[in-house]
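The values are calculated or read from the model by the stated rules, or taken from the named source; none is laboratory data. Please read these numbers as outputs of a predicted model, since none were measured by experiment. Note that we place each Cβ from the backbone using ideal geometry, even for glycine, and neighbour counts take in every protein chain shown. Quick note on the areas: whole protein, heavy atoms, side chains included, nothing else; ligands and nucleic acids left out. Shrake-Rupley method; radii C 1.70, N 1.55, O 1.52, S 1.80 Å.
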Amino acid sequence: MDEAALVDALASGQVSSVGLDVYENEPEIHPGLLANPSVLLVPHMGTWTQETQQKMEEWTIDNVRTAVKEGRLKSIVPEQKALEAIFKRDKNGSD
């Protein structure tokens, strides 16, 4: 998200208020958001339930199991993109 554009939109009234739990350059937060009383800033809390934590654990275990057994990942985050090529290479038996 473009925090500077959001600050401008709040200042102009295009956006009247906002609540955020994810930030453009975490842990830094745009000073214009910090100073605005129409902005609610909280830590990322989307996973703070027992049910969500359990589902995340199950997904992670299944993702590891799939990687080991099938040589692929169920879900790939940008930091794991290089692993996708390694899994494919190893599965095909080439170096």
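Give me the residue from region 29-42 that is open to solvent by 80 Å² or more (accessible area, probe 1.4 Å) and of a type outside the set (A, V, I, L, M) and, out of that set, farthest from Asp2 (Cα to Cα).
Only one residue fits best here, namely Pro37.
If you take the residues of region 52-74 that are surrounded by 11 or more Cβ atoms within 10 Å (Cβ to Cβ), of a type in the set (A, V, I, L, M) and assigned to a helix (DSSP H, G or I), which of them is modelled with the lowest pLDDT?
In this case the residue turns out to be Ala67.
Mind listing whichever residues of region 23-51 are within 26 Å of Leu73 (Cβ to Cβ) and at pLDDT 90 or above?
Hits for region 23-51 are Gln50, Glu51.
Return yes or no: is Glu26 charged (D, E, K, R) and surrounded by 12 or more Cβ atoms within 10 Å (Cβ to Cβ)?
no
Quick grid of which residues meet (1) free of Cβ contacts under 8 Å to residues at least 12 places away in the same chain; (2) within 16 Å of the chain's Cα centre (by Cα):
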| position | (1), (2) |
| --- | --- |
| Ala4 | no, no |
| Leu34 | yes, no |
| Met45 | no, yes |
| Trp48 | yes, yes |
| Arg72 | no, no |
| Lys81 | yes, yes |
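Restricting to region 6-19, count the residues that are in a helix (DSSP H, G or I) and under 23 Å from the mean Cα position of the chain (by Cα).
Number satisfying all stated conditions: 2.
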